[in-house]
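The values are calculated or read from the model by the stated rules, or taken from the named source; none is laboratory data. Please read these numbers as outputs of a predicted model, since none were measured by experiment. All Cβ positions, even for glycine, are placed from backbone atoms using ideal geometry, and neighbour counts span all protein chains on display. Ligands, DNA and RNA are stripped out before the accessible areas are found, and what is left, the full protein with its side chains, is counted by its heavy atoms. Shrake-Rupley method; radii C 1.70, N 1.55, O 1.52, S 1.80 Å.
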Amino acid sequence: MTEENAQIVVHGVSQVYRPPAGREVLALSDVSLEVQGREFIALLGPSGCGKSTLLYLIGGFLPTQQGSIRVDGKPVSGPGPDRGIVFQDFALFPWKTVRANVLYGLERMDLSRHERERRAQSFIDMVGLGGFEDSYPSQLSGGMKQRAAIARTLAIDPTILLMDEPFGALDSQTRRLMQSELLSIWQRTPKTVIFVTHDVQEAVFLAGRVAVMSARPGCIKAIVETQFDKADPHLLKSPDFVNKVDEIWNLVRDEAIVAQTARHP
Amino acid sequence: MSKLLARYSPLLLLAVLWQLAWYFEMVSSTALPSLVDVASAWVDLLRSGELLRNAAASLYRGGAGFLLAVVVGGALGMIMAWWRPLNLMLSPLVEIFYPLPKTALIPVTVIWLGFGDASKILLIFLGCMLPVTIGAFNGSRSTEQVMVWSARSMGASRLRILRDVVLPSAMPELLNGIRTALALAFILLVTSELVVAREGLGNLIGYLGSNGSYEAMYSVVLTVAFLGFAADRIYQYFMRWILAWRDATTG
Ligand SMILES: Nc1ncnc2c1ncn2[C@@H]1O[C@H](COP(=O)(O)OP(=O)(O)OP(=O)(O)O)[C@@H](O)[C@H]1O
Ligand SMILES: [Mg+2]
């Protein structure tokens with residue numbers, strides 16, 4: 001993989017948080033990562049290793065302190081609707097209903113009112129929130145909020161999807177459904193997906209490559225190819241798949257132990 | 001209806017005690033006239049048009065000063081939260097003027113603008129602005145970073161974010177600040193009219209009092225009390241309506 005054809009190029013990025021009170025935190029240390037157009041890559045790593053931080057940097061929400069990040073050849077200078085993000089804590093507007101939340105991004109697109117509403121509705125239905133269009137986020141469960149946030153981001157059809165543990169609050173059935181919905185959207189429309197998760201099986205199932213990050217300060221510890229035939233109904237039980245999950249699980253576990261001992265030396 | 005009655009029964013009790021105190025002459029009748037006489041004096045004031053004329057004058061001054069305070073104070077607080085230089089410049093001023101009893105400004109505004117409406121509007125505006133500014137400022141500062149990011153990633157401009165994200169985030173605190181301002185507006189209005197004015201409810205109270213028409217004076221005092229109460233009630237309904245998203249609960 002060369003730099004020329006990668007869609008997202010993260011090069012030598014380090015990131016320090018300097019809270020107004022308290023001590024500095026080195027969240028990322030010399031992270032380099034290349035993501036091809038239309039690729040589905042999963043990001044795994046222990047809690048606090050900087051996965052969200054990396055997404056914020058690619059999203060353009062945080063300025064790059066050290067190193068460089070290029071998207072489609074241009075340095076990232078701020079957020080844009082080309083990079084849709086599903087935040088870890090949903091970030092729904094609590095003063096807007098589910099429908100209004102999903103419509104919000106669509107309002108700035110060149111669509112007729114009718115088309116906007118049709119599209120909002122279809123994504124609300126897709127995530128299984130039909131009947132809750134007029135509910136406020138405070139009236140929804142955690143999993144429902146998460147699905148509303150996913151619908152809101154998918155509705156604007158970004159070419160790059162940054163997803164921060166998007167299925168973390170879902171029960172396993174809903175999770176399965178959402179996984180296959182996401183896969184089919186990814187297969188239907190040209191999209192690059194960076195998908196943060198703690199679930200190794202989910203990562204191996206969804207992604208074509210899995211990047212494992214080290215404990216804080218985070219850097220990319222290993223990148224593992226995980227190409228499987230997703231249409232195979234017995235995939236999750238196939239030996240190749242199970243072995244791959246095991247292999248990555250071992251990598252992640254080592255880092256989790258490091259993170260744990262760092263916290264309690 | 002019966003709930004309403006139960007809720008305000010202490011008020012009813014107070015009225016009965018008042019009337020009893022008068023009946024048994026426990027205090028001099030000039031200090032506490034009969035409630036019935038107060039009511040009939042009120043009707044007279046209403047019939048003569050005196051009450052409405054003065055109420056209209058007060059409403060105009062109070063309303064203008066209050067609305068001005070809400071608009072200017074709200075905008076100022078939001079911009080202060082948004083733009084650091086303005087914050088650095090104005091926060092010391094806000095801190096110094098906030099605890100100042102605004103009634104102390106009555107002579108000042110009179111010297112500047114005379115005895116008419118303008119001085120009262122200015123007084124109410126100055127007095128009510130700070131609670132609104134502080135509410136808008138603190139409310140805006142409570143805006144969650146991730147909400148702003150979310151809006152930006154969906155293509156919202158800075159101005160739009162101010163309207164679509166910062167304003168609604170600030171709304172609970174802003175509305176509380178405005179509620180304080182509403183109460184202050186009544187205090188400042190009546191006080192300033194009592195001190196220097198040719199008309200207005202405060203002036204009417206002062207005039208009737210110095211004239212010895214205590215029944216009528218009481219009726220205007222009670223009218224002002226009721227208006228203040230009603231304004232706050234209506235405002236609370238308005239607040240609950242605006243913040244419906246926050247109080248919405250399942251089921
Ligand atoms: N605003 C902030 N101020 C200070 N430190 C921060 C801030 N945000 C994150 N950090 C620190 O940076 C590190 C990385 O945080 P980040 O949220 O990117 O981790 P993460 O990998 O997403 O974790 P998780 O899996 O728990 O979501 C953490 O150790 C955290 O303490
Ligand atoms: Mg995170």
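Out of the residues in segment A:186-198 that are more than 17 Å from A:Phe228 (Cα to Cα) and open to solvent by 10 Å² or more (accessible area, probe 1.4 Å), which is nearest to the chain's Cα centre (by Cα)?
A:His198
Does any residue of segment A:53-62 turn out to be touching a residue at least 40 places away in the same chain (Cβ under 8 Å), within 13 Å of ligand 1 (Cβ to nearest atom), under 26 Å from A:Arg147 (Cβ atoms) and within 10 Å of chain B (Cβ to nearest Cβ)?
For segment A:53-62, residues touching a residue at least 40 places away in the same chain (Cβ under 8 Å), within 13 Å of ligand 1 (Cβ to nearest atom), under 26 Å from A:Arg147 (Cβ atoms) and within 10 Å of chain B (Cβ to nearest Cβ): present.
Could you tell me how many of the residues in segment A:42-54 are within 8 Å of ligand 2 (Cβ to nearest atom) and among the hydrophobic types (A, V, I, L, M, F, W, C)?
The total comes to 0.
Can you name the helices (runs of 4 or more DSSP H) wholly within segment B:1-111 that have at least 2 residues being out of contact with any Phe, Trp or Tyr (no Cβ under 6 Å at 6 or more places or on another chain) and of a type in the set (S, T, N, Q)?
B:9-23, B:35-48, B:50-82, B:84-97
Residues are listed down the side, and each one gets a yes or a no for (1) in a helix (DSSP H, G or I); (2) over 27 Å from A:Tyr17 (Cβ atoms); (3) away from ligand 2 (no atom under 16 Å from the Cβ):
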{"position": "A:Tyr56", "(1), (2), (3)": "yes, no, no"}
{"position": "A:Gly67", "(1), (2), (3)": "no, no, yes"}
{"position": "A:Pro94", "(1), (2), (3)": "no, no, yes"}
{"position": "A:Ala100", "(1), (2), (3)": "yes, yes, yes"}
{"position": "A:Tyr104", "(1), (2), (3)": "yes, yes, yes"}
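Can you name every residue in segment A:22-52 that is away from chain B (no Cβ under 14 Å), within 10 Å of ligand 1 (Cβ to nearest atom) and among the small types (Gly, Ala, Ser)?
A:Gly22, A:Ala27, A:Gly45, A:Ser47, A:Gly48, A:Gly50 - these are the residues of segment A:22-52 that are away from chain B (no Cβ under 14 Å), within 10 Å of ligand 1 (Cβ to nearest atom) and among the small types (Gly, Ala, Ser).
Somewhere in segment B:62-84, is a residue over 25 Å from the mean Cα position of the chain (by Cα), open to solvent by 90 Å² or more (accessible area, probe 1.4 Å) and either within 27 Å of B:Ala185 (Cβ to Cβ) or touching a residue at least 40 places away in the same chain (Cβ under 8 Å) (or both)?
yes
Condition test on A:Pro46, is it of a type outside the set (Ser, Thr, Tyr) and open to solvent by 50 Å² or more (accessible area, probe 1.4 Å)?
Criteria not met by A:Pro46.
In segment B:171-225, which residues are modelled with pLDDT of 95 or more and of a type in the set (Asp, Glu)?
Passing the criteria: only B:Glu173.
Got a number for residues in segment B:158-188 being facing chain A (nearest Cβ under 9 Å) and not charged (D, E, K, R)?
4
Checking A:Met109 against (1) modelled with pLDDT under 95; (2) within 13 Å of chain B (Cβ to nearest Cβ); (3) crowded, with 17+ Cβ neighbours inside 10 Å: exactly one of these is not met. Which one?
(3)
Restricting attention to segment A:73-83, does a residue exist that is away from ligand 1 (no atom under 12 Å from the Cβ), in a strand (DSSP E or B), exposed (fewer than 15 other Cβ atoms within 10 Å of the Cβ) and among the small types (Gly, Ala, Ser)?
Scanning segment A:73-83 turns up no residue that is away from ligand 1 (no atom under 12 Å from the Cβ), in a strand (DSSP E or B), exposed (fewer than 15 other Cβ atoms within 10 Å of the Cβ) and among the small types (Gly, Ala, Ser).
Sort out which residues of segment B:135-150 are at the interface with chain A (Cβ under 8 Å from one of its Cβ atoms) and buried (at least 22 other Cβ atoms within 10 Å of the Cβ), and write them in order of number.
B:Ser150
In the set B:Leu11, B:Leu20, which member is at pLDDT below 90 and either among the acidic types (Asp, Glu) or within 30 Å of the chain's Cα centre (by Cα) (or both)?
Matching residue, one of B:Leu11, B:Leu20: B:Leu11.
Out of (1) within 14 Å of chain A (Cβ to nearest Cβ); (2) open to solvent by 60 Å² or more (accessible area, probe 1.4 Å), the odd one out for B:Pro107 is which?
Going through (1) within 14 Å of chain A (Cβ to nearest Cβ); (2) open to solvent by 60 Å² or more (accessible area, probe 1.4 Å) one by one, B:Pro107 breaks only (1).
Could you grab me the full set of residues in segment A:112-132 that are within 14 Å of chain B (Cβ to nearest Cβ) and under 22 Å from B:Asp247 (Cβ atoms)?
Once the filter is applied, which keeps residues that are within 14 Å of chain B (Cβ to nearest Cβ) and under 22 Å from B:Asp247 (Cβ atoms), segment A:112-132 yields A:Gly131, A:Phe132.
Scan segment A:90-103 and tell me whether some residue there is within 14 Å of chain B (Cβ to nearest Cβ), within 16 Å of ligand 1 (Cβ to nearest atom), without any contact (Cβ under 8 Å) to a residue 12 or more places away in the chain and at negative phi.
no
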